[in-house]
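Below is one structure, written out as structure tokens; the observations come after it.
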Amino acid sequence: MGIISTRSRYGLRLLADIAGQAKSGPIDLGSIAQRQCIPEKYLAKLVIPLKGAGLLRSARGAHGGYELTRRPETINLQRLVEVLEGSSSLLSCTAEPETCGRSSTCKARGIWMGLEKAIRDYLSGVSVADAIETPGADYAI
């Protein structure tokens, strides 16, 4: 079961790496790619929407690279997933009930909506700082 895609997984690793190296100034993608074992070309595709969402800024020049625009504890994973995935809905009928003719009478729809809410609530309560401060932490909803 793959609810969280590679984009979000790598996006979190990207932001956590930058946050963990923040005292060094802007961090270049090449060094992040090497530390995280993620292709640099893939990271380059992720920084575009992250910059557009105001989560990253870039610096040019010999000591250029990327920095977070906010403190890591203020960037929650729900925001990251929304930026990189778009909708965080598990099923199209929960986000857009008009796509299913049965949505108004479907008894299972409420179950899926409840699961989505639990996931959103969980992701909203976990930050990039949590990813660098407490590896392997056991979070509960």
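The values are calculated or read from the model by the stated rules, or taken from the named source; none is laboratory data. The shown structure was predicted, so the numbers you read here are calculated from the model rather than taken from an experiment. Positions of Cβ are generated from backbone atoms using ideal geometry, with glycine treated the same way; all protein chains shown enter the neighbour counts. Surface areas here come from the heavy atoms of the whole protein model, side chains and all, with no ligands, DNA or RNA. Shrake-Rupley method; radii C 1.70, N 1.55, O 1.52, S 1.80 Å.
Here is how the numbers come out for the structure above:
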| quantity | calculated |
| --- | --- |
| Breaking point among (1) surrounded by fewer than 14 Cβ atoms within 10 Å (Cβ to Cβ); (2) among the β-branched types (V, I, T); (3) in contact (Cβ under 8 Å) with a residue 40 or more places away in the chain, for I132 | (1) |
| All positions within region 60-81 that are of a type outside the set (S, T, Y), under 17 Å from L12 (Cβ atoms) and open to solvent by less than 80 Å² (accessible area, probe 1.4 Å) | E67, L68, P72, I75, N76, L77, Q78, L80, V81 |
| Which numbered condition R57 fails, given (1) open to solvent by 80 Å² or more (accessible area, probe 1.4 Å); (2) part of a helix (DSSP H, G or I); (3) of a type in the set (D, E, K, R) | (2) |
| Positions within region 38-54 being more than 17 Å from A22 (Cα to Cα), free of Cβ contacts under 8 Å to residues at least 24 places away in the same chain and open to solvent by less than 60 Å² (accessible area, probe 1.4 Å), in sequence order | A44 |
| Any hit, region 107-123, residues being within 17 Å of I18 (Cα to Cα), part of a loop (DSSP other than H, G, I, E, B), open to solvent by 40 Å² or more (accessible area, probe 1.4 Å) and at pLDDT below 90 | no |
| Among residues of region 73-102, those that are closer than 16 Å to K117 by Cα, charged (D, E, K, R) and without any contact (Cβ under 8 Å) to a residue 24 or more places away in the chain, counted | 2 |
| Hey, L90 open to solvent by less than 70 Å² (accessible area, probe 1.4 Å) and modelled with pLDDT of 95 or more or not | no |
| Only listed residue being farther than 20 Å from A62 by Cα, open to solvent by 30 Å² or more (accessible area, probe 1.4 Å) and not acidic (D, E), chosen from S5, S24 | S5 |
| Qualifying residue in region 33-44 (condition: within 18 Å of E133 (Cβ to Cβ) and polar (S, T, N, Q)) | yes |
